[in-house]
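Asker: One structure is given below, represented as structure tokens, and several questions about it will come after.
Every read-out reported here was derived from the displayed coordinates using simple, explicitly stated rules and does not represent laboratory data. In this text, all values refer to a predicted model and were calculated from it rather than measured experimentally. Heads up, the Cβs are rebuilt from the backbone with ideal geometry, glycines too, and the neighbour counts pull from every protein chain shown.
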């Protein structure tokens with residue numbers, strides 16, 4: 001396949017491009033509980049049995065969060081179940097996993113957490129088009145109860161508005 005055909009088929013392309021990826025775990029509650037400010041893509045350090053388990057598609061990042069320890073960002077409380085065929089070489093399902101980010105991105109995240117009281121919340125865990133496990137990490141601010149209610153009201157109103165427009169037009 002030549003260079004032109006690769007781009008058309010979706011096999012190559014720019015580094016940050018989100019095209020063909022397979023989502024393993026999605027944190028749907030995050031958008032309800034947090035106001036998302038910025039989203040970053042981070043690599044994740046995994047053991048072999050963890051990668052095999054992720055390929056089975058059995059992971060959960062709903063209760064997980066990211067934190068800073070000694071100038072590095074770590075994913076805490078993410079659940080990747082043990083891989084049955086790994087035997088004694090298996091991993092601990094809820095171990096802390098290091099996230100791979102650039103120094104500038106790490107400094108930005110740490111600064112926002114310390115100064116502005118924001119939180120690092122994982123949104124989704126997926127394999128990119130090159131087959132590497134990536135984590136979509138959001139810099140977010142927690143919503144209050146009245147903010148959640150307001151969001152629900154706006155969403156409900158937009159649905160009703162769309163229904164009315166469909167019926168009339």
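Asker: Highest first, please rank the peptides 143-155, 82-94, 46-58, 98-110 by the mean number of other Cβ atoms sitting within 10 Å of their residues.
Answerer: Descending mean neighbour count gives 46-58, 98-110, 82-94, 143-155.
Asker: For helix 103-116, what angle does its Cα long axis make with the longest principal axis of the chain, in degrees from 0 to 90 and rounded to 10?
Answerer: Helix 103-116 and the main axis of the chain meet at about 50 degrees.
Asker: Short version: what are the Cα gyration tensor semi-axes of the chain, square root of 5 times each eigenvalue, largest first, in whole Å?
Answerer: That gives 30, 24, 18 Å for the three semi-axes.
Asker: Could you work out how much longer the chain between residue 167 and residue 148 gets when fully extended? Use 0.36 nm per residue separation minus the Cα distance between them, nm to one decimal.
Answerer: 3.9 nm
Asker: Length gain on complete extension for the stretch residue 28 to residue 89, per 0.36 nm per residue less the alpha carbon to alpha carbon distance?
Answerer: 18.8 nm
Asker: Give me the distance in nm between label points sitting 7 Å out from Cα along the Cα-to-Cβ direction at residue 104 and residue 45, one decimal.
Answerer: In this crude label model, residue 104 to residue 45 measures out at 2.3 nm.
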